[in-house]
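Read-outs throughout are calculated quantities, based only on the coordinates presented, and are distinct from any laboratory measurement. Computed from a predicted structure; not experimentally measured. When we count neighbours, we look across all protein chains shown, and the Cβ atoms used for this are built from the backbone with ideal geometry, even at glycine.
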């Protein structure tokens, strides 16, 4: 019976706005949880945080932001980072981190020199073909 009385109630537009805000909060929270790398999630697994944020939009999002979401901090540079800085063309996500950075630097230097030699050889070959055709 009370539901029938609410249909004409003046609070109905506000309840629709509140529902819209809660849906928007759930959507923003779900995107943030799913878009975050599992390394930066605390307390619960990613799927559990997703359920909390979607099931309890306001409270769940607040819990996610205060408890579950770890801030992204830049890691301290290690010896392997110095090797990567010297050879930025080999910097890519998931790259093998060497046990011996000195040996890795020597290997990368050797790869760079070989690539340069191959470029020079290809340029000489290209020029030779150009003279043969002309």
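Things to note:
- Separation in nanometres of the label points that stand 7 Å from Cα toward Cβ, at residue 15 and residue 55: 2.4
- Full-extension gain in nm, residue 23 to residue 47, via 0.36 nm per residue minus C-alpha separation: 6.8 nm
- Residue 114 versus residue 71: modelled label distance in nm, points set 7 Å from Cα along the beta carbon direction: 4.4
- Residue exposure sequence - 102, 53 - by fewest surrounding Cβ within 10 Å: 102, 53
- Each part gets one Cα centre, and for the stretch 117-132 versus the stretch 31-63 those centres are 57 Å apart.
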